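A.B. asks: Have a look at the structure that comes next, please.
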Amino acid sequence: MADPSTYRPAPGAIPTSPGVYKFRDAHGRVIYVGKAKSLRPRLSSYFQDLAGLHPRTATMVTTAASVEWTVVATEVEALQLEYSWIKEFDPRFNVKYRDDKSYPELAVTLNEEFPRVQVMRGAHRKGVRYFGPYGHAWAIRETVDLLLRVFPVRTCSNGVFKRAAQVGRPCLLGYIGKCAAPCVGRITPEDHRALAEDFCDFMAGRTGNYLRRLETEMQEAAADLEYEKAARLRDDIGALKRAMEKNAIVLADATDADLLAVAEDELEAAVQIFHVRGGRVRGQRGWVTDKVEDVDTAGLVEHALQQLYGGVGAEERGEGVPREVLVPALPDPVEPVREWLGGLRGAQVDLRIPQRGDKKDLMATVQRNAQQALALHKTKRASDLTTRSRALQEITDALELDSVPLRIECFDISHLQGEDVVASMVVFEDGLARKSEYRRFEIKGFEGQDDVRSMHEVISRRFRRYLQERERTGEWAVPEEGPEDAADAAADGTATAVEGTATAADGTGTRAEDGRPRRFAYPPQLLVVDGGQPQVAAAQRALDELGIDDIALCGLAKRLEEVWLPGEDDPVVLPRSSEGLYLLQRVRDEAHRFAIGYQRGKRSKRLTAGELDSVPGLGETRRQALLKHFGSLKKLRAATVDELCAVPGIGRRTAETVAAALSSRTPAAPAVNTATGEIIEDGADEPAPAAPETVPIQETP
């Protein structure tokens with residue numbers, strides 16, 4: 001690990017001009033490329049105390065061995081040079097968008113004597129017009145098949161073309177009218193090129209003029225009694241319209257725009273782009289990247305714009321960059337990016353965030369696609385056996401475990417300002433979630449907000465139950481319990497299994513009396529808590545009190561993604577691209593999601609609970625039937641047992657229980673009219689409880 005002070009430039013040696021800088025490692029390889037409006041303050045920020053740097057930035061500067069820079073005249077030139085160097089050097093600490101070459105595009109090879117229409121993948125070539133990208137190659141072929149009857153451009157390979165020219169006989173497409181057959185001289189090179197350019201104009205969205213021209217020719221042919229020609233033109237118009245209908249109209253004003261959305265978490269980000277031409281979605285593409293550098297949403301947008309438009313050649317300008325580019329966040333600063341895009345287009349480009357209307361709605365659709373792409377990427381990554389095995393091995397090596405943690409349990413605490421304090425336990429086996437063994441806890445040992453104490457209570461309760469299960473089989477002797485321990489053990493009865501039906505387990509994991517799985521029969525090889533040193537210390541103290549010393553423990557702190565071990569002053573820092581860190585993060589996030597869901601459910605139930613909710617034996621259906629029959633709680637309280645029995649579904653025993661429960665309650669405070677401030681008379685009916693609503697407070701002038 002290098003010391004940044006060994007290669008820090010002298011403060012006066014760094015210019016204040018715009019420029020691009022490169023960090024190199026000890027072997028001379030470029031590991032990071034960045035740009036700056038002023039090089040001096042930007043580079044100086046990398047050489048501050050490492051404790052003040054973001055962990056990813058600190059890793060970069062300690063990996064580097066030298067830094068160099070190039071001064072440019074403007075921020076636009078800095079943007080262009082940064083993109084060129086990222087493409088050239090592929091630095092490991094820069095954001096890298098993967099899968100950007102995997103989408104097929106419709107290409108027209110205008111750099112050939114006889115232009116060819118074909119499906120292409122990979123980097124763009126000079127002299128070739130591209131349209132798309134498309135989600136599937138078959139979508140391109142369907143579109144081309146419809147257009148070839150109107151624009152019979154060559155689609156064959158060079159080998160087929162040369163062979164047809166040698167034998168003097170065209171291929172099948174030439175015979176059925178879907179190729180002008182330039183190979184045998186049926187059309188001149190000039191006419192064939194004009195045909196290819198018309199094809200490009202139509203694909204670029206300039207469809208209205210061409211359709212009107214065909215309709216005029218059809219009407220003229222019909223007026224001249226050339227019905228066969230008119231019918232052929234009619235069929236051509238129909239084919240073009242069918243090709244246009246394959247792309248749904250999303251913007252009624254025939255807008256040309258690219259919409260870009262970003263979905264991200266701490267480790268990865270997904271980018272989705274919709275290409276809209278003439279108000280129709282002409283193409284879609286997406287990328288996924290590891291966030292190996294400290295970058296926010298605006299930075300991801302800037303990198304995506306560089307990736308999207310940086311390779312646009314001179315022959316594509318005006319079509320590669322549309323008039324509008326809609327993004328979720330504007331780069332900072334935004335003017336150099338606008339100027340750069342305008343230079344590529346040759347005209348002004350409107351780079352902005354959509355605020356209302358159809359464009360905002362379409363941006364929401366693109367955002368959903370980005371979120372789904374990120375979720376799908378994570379699912380594929382998690383379901384891959386090789387990846388899961390590598391993640392578990394990385395965790396084993398980083399934490400110096402004796403064995404691979406095939407079962408991982410993670411605990412998280414959730415509350416709202418100290419109320420409704422709950423905890424969650426999620427289980428991952430072989431790197432996959434085992435939802436049938438999820439558990440949730442209600443903190444009952446104390447009241448108020450204390451995450452450390454809550455973590456100690458939950459770990460104690462979970463593993464006390466584990467010891468009880470071991471003791472039933474004679475494998476472990478349970479420590480003597482005090483009054484507080486007994487209360488905690490009783491409270492464990494509220495731990496609930498959710499999100500699936502528990503399946504029978506073998507060995508000691510099932511109850512001998514009924515074969516059903518015991519709740520806490522299996523110990524984890526690794527126990528993960530959501531938090532840093534305090535939470536880890538509390539969990540370790542709980543294990544020590546129970547005499548458990550064969551379970552590995554760690555904590556994952558969310559802010560810096562550090563892994564804390566018991567009794568250690570310094571955390572274990574896993575590489576940001578580590579599959580092991582990704583697995584730990586996924587386990588921690590799942591525990592957080594599960595705890596938040598339970599806490600919100602309890603809070604919602606508490607806020608909406610009524611007097612009938614706590615009546616034993618009275619479910620939701622009969623509760624609603626009582627309220628509907630009597631209309632208000634006041635009338636329900638005044639009802640006799642016989643009147644309660646008159647409600648369908650209410651028997652005498654239930655009626656007696658309801659009457660006793662309501663009579664023992666303190667009458668509600670007098671109702672107040674919030675509009676006038678007057679107290680409603682006792683004789684007025686109290687309305688049935690409903691969902692809480694917000695009463696606006698009117699300020700006195």
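A.B. asks: With every protein chain left in place and a probe of 1.4 Å, what is the accessible surface of residue 629, to the nearest 10 Å²?
C.D. replies: 100
A.B. asks: Per 0.36 nm of contour for each residue apart, how much would the distance between residue 629 and residue 364 grow if the chain were fully extended, relative to their Cα-Cα spacing? Write out the running numbers ahead of the final one.
C.D. replies: Details: separation 265, 0.36 × 265 = 95.40 nm, distance 4.47 nm.
So the chain would gain 90.9 nm between residue 629 and residue 364.
A.B. asks: Full extension from residue 387 to residue 188: what is 0.36 nm times the residue separation minus their Cα-Cα distance, to one decimal in nm?
C.D. replies: 66.0 nm
A.B. asks: Same structure, new question: Per residue, how much accessible area does the range 424-469 have with a 1.4 Å probe, in Å²?
C.D. replies: Per residue, the range 424-469 has 35 Å² of solvent-accessible surface.
A.B. asks: Sticking with the crude label model, points 7 Å out along Cα→Cβ, report the distance from residue 356 to residue 235 in nm, one decimal please.
C.D. replies: Result for the modelled spin labels: 5.0 nm.
A.B. asks: While we're on this one: Which distance in Å, rounded to a whole number, links the C-alpha centroids of the range 409-440 and the range 35-79?
C.D. replies: 41
A.B. asks: Can you list the residues, at least 5 places off or on another chain, whose amide H is less than 5 Å from the amide H of residue 350, using H built in the peptide plane?
C.D. replies: Sorted by chain and number, the residues that satisfy this are 324, 325.
A.B. asks: Largest first, how would 149, 163, 368 line up by accessible area (1.4 Å probe)?
C.D. replies: The ordering from most to least exposed comes out as 163, 368, 149.
A.B. asks: For residue 401 and residue 42, what does the FRET efficiency come to when R0 = 35 Å and r is the distance between their Cβ atoms, rounded to the nearest 0.05?
C.D. replies: 0.25
A.B. asks: When the accessible area of the range 315-463 is split by element with a 1.4 Å probe, what percent falls to carbon and sulfur?
C.D. replies: That fraction is 45 percent.
A.B. asks: Follow-up. Quick one: which residues, 5 or more positions from residue 283 or on another chain, have an amide H under 5 Å from its amide H? H modelled 1.01 Å from N in the peptide plane, none for Pro or chain starts.
C.D. replies: 275
A.B. asks: Take the Cα of residue 13, step 7 Å along the line toward its Cβ, and report every residue of the range 46-83 whose backbone nitrogen sits under 14 Å from that point.
C.D. replies: 65-70
A.B. asks: Could you tell me the calculated FRET efficiency between residue 25 and residue 570, based on Cβ-Cβ distance and R0 = 25 angstrom, to the nearest 0.05?
C.D. replies: Calculated transfer efficiency: 0.55.
A.B. asks: Take residue 92 and residue 471, extend 7 Å from each Cα along the Cα→Cβ direction, and tell me the distance between the two endpoints in nm.
C.D. replies: Placing both labels 7 Å beyond Cα along the Cβ direction yields 5.3 nm.
A.B. asks: Rounded to the nearest 20 Debye, what is the dipole magnitude of the range 259-369 about its Cα centre when Lys and Arg each give +1 and Asp and Glu each give -1 at the C-beta?
C.D. replies: 820
A.B. asks: Using the structure shown, select from 87/126; 22/558; 22/360; 126/162 the pairs with a Cα to Cα distance greater than 27 angstrom.
C.D. replies: Working: 87/126 17 Å; 22/558 30 Å; 22/360 38 Å; 126/162 23 Å.
From 87/126; 22/558; 22/360; 126/162, over 27 Å: 22/558; 22/360.
The values are calculated or read from the model by the stated rules, or taken from the named source; none is laboratory data. Computed from a prediction, not measured in an experiment: that's the story for all the values here. With ideal geometry, Cβ positions are generated from the backbone for all residues, glycine too; neighbour counts draw on all protein chains shown. Side chains included, ligands, DNA and RNA excluded: accessible areas come from the protein's heavy atoms. Shrake-Rupley method; radii C 1.70, N 1.55, O 1.52, S 1.80 Å.
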